[in-house]
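Student: I'd like to ask some things about the structure below.
The values are calculated or read from the model by the stated rules, or taken from the named source; none is laboratory data. Because the structure is predicted, anything quoted here is derived from the model rather than measured. Glycine gets a Cβ as well: all are built from the backbone with ideal geometry, and neighbour counts include every protein chain shown.
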Amino acid sequence: MSQLPILSVRDALEQKLRQNKITILIGETGSGKSTQVPQIIQALNPKHERIAVTQPRRVAAINLAKRVADETKTKLGELVGYTVRFQNMSNAHTRIKFLTDGMLLRELMLRPNLGQYTTVILDEAHERTVVTDLLMGFLNDIVQKRDGLRIVVMSATLDAEKFTHFFKGAQVLYVQGRRFPVERHYLPTPVEDLVDATVRTAIQINIGEPTGDILAFLSGQEDIDKATDLLNSVSSAMPKGVPEIVPLPLYAALPPQQQQNVFDKVGPNKRKVVLATNIAETSLTIPGVRYVIDGGTHKVKVWRHDLGLDSLLTTPISKSNAAQRLGRAGREAPGKCYRLYTEHDYHTLRPQGEPEIERCDVSFPILTLKSAGVDDIIGWNWLERPKKGAIMTALTQLYLLKALDNEGKITHLGKKMAILPLPPHLSSVLLHAIDSGITQPVLDIVSCLSIENLIMNPHPDKREEVNDKRLPFVQASGNMGDLIVLRNYVLHYQSLKSNDDKREWCKELCINARAMANVEDIRKQLERYLKSNKDNIDNGKQFAPSDLFDEIVKCFLKGFVGNTALSMPDRTFRTISSGQTINIHPSSCVFGKKVEAIMYTEYIFTTKAYARMVSPIQLEWLQAIAPHYLSRRSAGDE
Ligand code: CDP
Ligand code: MG
């Protein structure tokens, strides 16, 4: 540990921390920022300091807390802890708390001066997530007003100018990272199949190159799972004398224990191949990596104005991402980086990615600001202000959700929505469910929607078999769509007694068993949030099943009024908000059914625009729930 680069600037850092309220620390990934800086600050005044360290990702928050607890030889959850959505591992004595940026924002809503902390460290500021951006705005203000608050902004990229301009009087400190030369290789011609190219490259490295682990970047879970399977199938068939390949996936939706595996050493004559999303780009450092394979793409959240939802799109990375990826190979010794694109294509990449606030739905940030009492949204102290059009859309959405009133002031409902750890659509659904006396079934469904990749795509060979197994649950939904089917899955899962039965059943239906187990956890947490809000959630009403299904769908419609579409003669649908063409995804139980209108809670774009998680709706419902919306839209449509 003694040779971590951060320790060579310890004195200078301590001096800056003592003398300034705001310090900006720039240092390459792996220099020891996240693990050491909290401990250095804690040591300045052990009895006094209470430190919050934010991370854009849950995995990083959990992993760092574990690491720092180890380093301080304390039990996790005591001196060092973490808080992430739906999980709290800290207590009243915790001095160094790692949390996701979202959780700190929530704490800030409840306690606007953050009096519970003496220091707030905003880590991974270069990632420029919407929430980190918001926190910077709030903290810049709080730090002027409150004595005894110190802010540290940490970033892995050199462009500190934006931050120094923003935080007046901030001091900047640079840490020189350890860096060994990394040889770069490009492809002579572009490849079609990145999974295949990744697997081939990993095998070539394994056969031709001396010891050192491999880190491969792919865009998402699906590709990572495919590559892991492929590598597993060849790992034992390596020529004699060649190390055995141990493929290890790493993405956010993976259960924590499996994520942990990538940090463990593998035995002799074995070589780790970590297949990761951009999670491994800066926020996690995996020891032992000498070879990097860079697929050149990642998934980013993009707001589709025409469809009314954020969606994840696979897009080319920026040069800055490519540099970070390459850097991962040269941390401990000289390394090699294999870019699975041509040198020409590299030069066409944009220098930096666009900050999230410029491309995502901003209704959540705006609700947060309103809840914090900020009325002038446009004039607020933004690190980067969203486009005016995006702000207007968000205000309209929040008004439709009844979070804001006619004058743009936050409503009682809006205040409650702002503290729930859910996107505004889902918060609104849940709060309406309480009024309708259907909290329990809606909680089941909202919990499912809060988890990615719960219902998986069956392998094409298995599709028919899986669909047969799913059929009874679809039939029991009374043709009321995918949300009701989800609930039927949850009910059946809960009725199974043993864990083996649960696992077996999930496998048969191609449901992610780990994720399903999480649903229960999330449900409990949400219930706790509602209770702490003093909401009366136990006033369950009795309905006949088909009435209950109607009530549930109507309740979701209140949150997803903007995500509705009308049937066209050619079997496609046109969104009510913008008249955009949208298709029902074949995985939906509404696919191929004749319905006059639909509501969808998910949207994906592959070869065309698809609605997923679809429920048929009646136009009368829409009329009753949002008369202004419908008349305004259809008038404009003619
Ligand atoms: O934040 P930054 O990227 O500057 O570095 P860090 O996360 O503090 O990591 C410092 C060093 O600790 C790295 O070289 C990692 O290899 C090591 N580390 C580790 O081995 N296991 C962890 N769970 C976290 C860090
Ligand atoms: Mg870090």
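Student: Pull up segment 263-296, narrow it to residues that are within 16 Å of ligand 2 (Cβ to nearest atom) and farther than 16 Å from residue 220 by Cα, then point me to the one that is surrounded by the most Cβ atoms within 10 Å (Cβ to Cβ). Outline the logic, then answer.
Tutor: The initial filter retains those residues of segment 263-296 that are within 16 Å of ligand 2 (Cβ to nearest atom), namely 263, 276, 278-287, 289.
Keeping just the survivors that are farther than 16 Å from residue 220 by Cα gives 263, 282-287, 289.
On the way: 263: 18, 282: 26, 283: 21, 284: 22, 285: 18, 286: 18, 287: 13, 289: 21.
Of everything passing the filter in segment 263-296, 282 is surrounded by the most Cβ atoms within 10 Å (Cβ to Cβ).
Student: Can I ask one more? Among the residues of segment 30-39, are any away from ligand 2 (no atom under 15 Å from the Cβ), over 25 Å from the mean Cα position of the chain (by Cα) and surrounded by fewer than 21 Cβ atoms within 10 Å (Cβ to Cβ)?
Tutor: Residues of segment 30-39 away from ligand 2 (no atom under 15 Å from the Cβ): none.
No: zero hits.
Student: OK, next. Inspect all residues belonging to segment 37-52 and state whether any of them is out of contact with any Phe, Trp or Tyr (no Cβ under 6 Å at 6 or more places or on another chain), within 14 Å of ligand 1 (Cβ to nearest atom) and among the basic types (Lys, Arg). So that I can check it myself, show each step before the final result.
Tutor: Start the filter on segment 37-52 by keeping residues that are out of contact with any Phe, Trp or Tyr (no Cβ under 6 Å at 6 or more places or on another chain), which leaves 37-49, 51.
Subsequent filtering for residues that are within 14 Å of ligand 1 (Cβ to nearest atom) retains 37-41.
From what is left, the residues that are among the basic types (Lys, Arg) are none.
Looking through segment 37-52, none of the residues is out of contact with any Phe, Trp or Tyr (no Cβ under 6 Å at 6 or more places or on another chain), within 14 Å of ligand 1 (Cβ to nearest atom) and among the basic types (Lys, Arg).
Student: How about segment 127-164: which of its residues are touching a Phe, Trp or Tyr at 6+ places or on another chain (Cβ under 9 Å) and within 16 Å of ligand 1 (Cβ to nearest atom)?
Tutor: Listed by number, the residues that qualify are 153, 155, 158, 160.
Student: Using beta carbons and a limit of 7 Å, which pairs, at least six apart or on different chains, have the first residue in segment 337-356 and more than 16 Å from residue 295 (Cβ to Cβ) and at pLDDT below 95 and the second one assigned to a loop (DSSP other than H, G, I, E, B) and acidic (Asp, Glu)?
Tutor: Partner pairs satisfying both residue conditions: 355/384.
For every residue, the table says whether it meets (1) within 20 Å of the chain's Cα centre (by Cα); (2) farther than 21 Å from residue 150 by Cβ.
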| residue | (1), (2) |
| --- | --- |
| 48 | no, no |
| 54 | yes, no |
| 62 | yes, yes |
| 69 | no, yes |
| 77 | no, yes |
| 98 | yes, no |
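Student: Can residue 488 be described as touching a Pro at 6+ places or on another chain (Cβ under 8 Å) and either part of a helix (DSSP H, G or I) or modelled with pLDDT of 90 or more (or both)? Before you say what the answer is, go through the steps one by one.
Tutor: Working: touching a Pro at 6+ places or on another chain (Cβ under 8 Å): no; either part of a helix (DSSP H, G or I) or modelled with pLDDT of 90 or more (or both): yes.
Answer is no for this residue.
Student: Looking at 131, 120, 143 in this structure, which one is of a type in the set (A, V, I, L, M, F, W, C) and closer than 23 Å to residue 318 by Cβ? Even if it seems obvious, please write down each step before you answer.
Tutor: Values: 120 fails: closer than 23 Å to residue 318 by Cβ; 143 fails: closer than 23 Å to residue 318 by Cβ.
The conditions single out 131.
Student: May I pose another question? Could you please find all residues in segment 368-382 being within 14 Å of residue 135 (Cβ to Cβ) and part of a helix (DSSP H, G or I)?
Tutor: Listed by number, the residues that qualify are 368, 369.
Student: Return the only residue of 351, 365, 386 being assigned to a helix (DSSP H, G or I), of a type outside the set (Asp, Glu) and within 25 Å of the chain's Cα centre (by Cα).
Tutor: Values: 351 fails: assigned to a helix (DSSP H, G or I); 386 fails: assigned to a helix (DSSP H, G or I).
Answer to the check: 365.
Student: Taking only segment 147-162 into account, find how many residues are surrounded by 14 or more Cβ atoms within 10 Å (Cβ to Cβ) and either away from ligand 2 (no atom under 16 Å from the Cβ) or of a type in the set (A, V, I, L, M) (or both).
Tutor: Of all residues in segment 147-162, those surrounded by 14 or more Cβ atoms within 10 Å (Cβ to Cβ) come to 149-157, 160, 162.
Filter once more, keeping what is either away from ligand 2 (no atom under 16 Å from the Cβ) or of a type in the set (A, V, I, L, M) (or both): 149-154, 156, 160, 162.
Of the residues in segment 147-162, 9 are surrounded by 14 or more Cβ atoms within 10 Å (Cβ to Cβ) and either away from ligand 2 (no atom under 16 Å from the Cβ) or of a type in the set (A, V, I, L, M) (or both).
Student: Further question: Would segment 515-533 turn up any residue that is touching a strand residue (DSSP E or B) at 6+ places or on another chain (Cβ under 6 Å) and over 17 Å from residue 442 (Cβ atoms)?
Tutor: no
Student: Do any residues in segment 270-289 that are in contact (Cβ under 8 Å) with a residue 24 or more places away in the chain have Cβ atoms under 6 Å from those of residues that are within 14 Å of ligand 2 (Cβ to nearest atom) and of a type outside the set (A, V, I, L, M, F, W, C), where the two are at least six apart or on different chains, and which pairs are they?
Tutor: Sorted first by the residue in segment 270-289, then by its partner, the pairs are 281/324; 282/29; 282/324; 283/57; 283/124; 285/30; 289/328.
Student: Of the numbered conditions (1) among the charged types (D, E, K, R); (2) touching a Phe, Trp or Tyr at 6+ places or on another chain (Cβ under 8 Å); (3) away from ligand 1 (no atom under 16 Å from the Cβ), residue 213 fails exactly one; give the number of that condition.
Tutor: Going through (1) among the charged types (D, E, K, R); (2) touching a Phe, Trp or Tyr at 6+ places or on another chain (Cβ under 8 Å); (3) away from ligand 1 (no atom under 16 Å from the Cβ) one by one, residue 213 breaks only (3).
Student: Quickly run through segment 247-284 and pick out the residues that are over 25 Å from residue 86 (Cα atoms) and β-branched (Val, Ile, Thr).
Tutor: Within segment 247-284, 266, 273, 274 qualify.
Student: What strands (runs of 3 or more DSSP E), lying completely within segment 1-106, carry at least 1 residues that are without any contact (Cβ under 8 Å) to a residue 60 or more places away in the chain? Steps first, please.
Tutor: On the way: elements: 22-27, 51-55, 80-84, 87-89, 96-100.
Output list reads 80-84, 87-89, 96-100.
Student: Does segment 175-196 include one or more residues that are under 21 Å from residue 22 (Cα atoms) and buried (at least 18 other Cβ atoms within 10 Å of the Cβ)?
Tutor: Within segment 175-196, the first condition is being under 21 Å from residue 22 (Cα atoms), and the residues that meet it are 175-176.
Next, only the ones that are buried (at least 18 other Cβ atoms within 10 Å of the Cβ) stay: 175.
Yes, that holds for at least one residue.
Student: Kindly indicate whether any position in segment 22-31 is more than 14 Å from ligand 1 (Cβ to nearest atom) and among the charged types (D, E, K, R).
Tutor: No: zero hits.
Student: Which of the numbered conditions does residue 78 fail, given that it passes all the others? Conditions: (1) within 13 Å of ligand 1 (Cβ to nearest atom); (2) modelled with pLDDT of 95 or more; (3) more than 22 Å from residue 164 (Cβ to Cβ).
Tutor: Here residue 78 meets the rest and fails (1).
Student: Kindly indicate which of 479, 467, 457 is over 23 Å from the mean Cα position of the chain (by Cα), touching a residue at least 40 places away in the same chain (Cβ under 8 Å) and surrounded by fewer than 17 Cβ atoms within 10 Å (Cβ to Cβ).
Tutor: Working: 467 fails: touching a residue at least 40 places away in the same chain (Cβ under 8 Å); 457 fails: over 23 Å from the mean Cα position of the chain (by Cα).
So the residue among 479, 467, 457 that is over 23 Å from the mean Cα position of the chain (by Cα), touching a residue at least 40 places away in the same chain (Cβ under 8 Å) and surrounded by fewer than 17 Cβ atoms within 10 Å (Cβ to Cβ) is 479.
Student: Among the residues of segment 238-293, write down those that are within 13 Å of ligand 1 (Cβ to nearest atom), at pLDDT below 90 and of a type in the set (D, E, K, R).
Tutor: 264, 265
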